[in-house]
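Worksheet: one structure, shown below.
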Amino acid sequence: MIQKIHQMAAITAFLCVVAFFASTLSAEVFGSEESIILVKSLVVFPGLFILVPCIAAAGATGFALSKTKKGRVVDGKKKRMPFIAINGIFVLVPAAIFLNYKAADGVFDTAFIVVQIAELVVGALNGYLMFLNIRDGRKLTGKKRVN
């Protein structure tokens, strides 16, 4: 059961990060000011209220599962998790809240742009690290790709 919770939480968190990144990039490149405001709002609520518990659940269940497994693959997942958590807590969540406030006020100044770029770069990095953890999790469970 704990493995299923771990898988669902990790995949949901990864999909949230991908959706946030894709919707932000699409709104910034192709959208109107109103679409940027909407995306920034949706990333904070309900987005963060889905993402944060999923990352916490994935981390907690992953920690519990790792107690019975050893090896390079598990070590790789353990090394990536602190980076994912630190990036989320200290960069992505504050950036999302800041950008939401700025967008809601219609202020798309230099600070907005700089924080938006940082959010996209760190979000892409976190998405990649999460992808690597999912890939390694599939190795640990023996699940093969279906062609």
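The values are calculated or read from the model by the stated rules, or taken from the named source; none is laboratory data. It should be emphasised that the depicted structure is a prediction, and the values quoted were computed from it without experimental measurement. Here the Cβ is made from the backbone with ideal geometry for all residues, glycine too, and neighbour counts use every protein chain on show. In case anyone asks, the SASA skips ligands and DNA or RNA and just uses the protein heavy atoms, side chains included. Shrake-Rupley method; radii C 1.70, N 1.55, O 1.52, S 1.80 Å.
Points worth noting:
- Single residue of V73, V146 found to be surrounded by 13 or more Cβ atoms within 10 Å (Cβ to Cβ) and modelled with pLDDT under 95: V73
- Residue in the range 14-28 that is assigned to a helix (DSSP H, G or I) and farther than 19 Å from V121 by Cα present: no
- Subset of the range 27-44 [hydroxyl-bearing (S, T, Y) and either open to solvent by less than 30 Å² (accessible area, probe 1.4 Å) or touching a residue at least 12 places away in the same chain (Cβ under 8 Å) (or both)]: S41
- Exclusive hit being open to solvent by 60 Å² or more (accessible area, probe 1.4 Å) and among the β-branched types (V, I, T), set I134, I89: I89
- Any hit, the range 105-121, residues being among the aliphatic types (A, V, I, L, M), under 22 Å from I55 (Cβ atoms) and over 19 Å from the mean Cα position of the chain (by Cα): no
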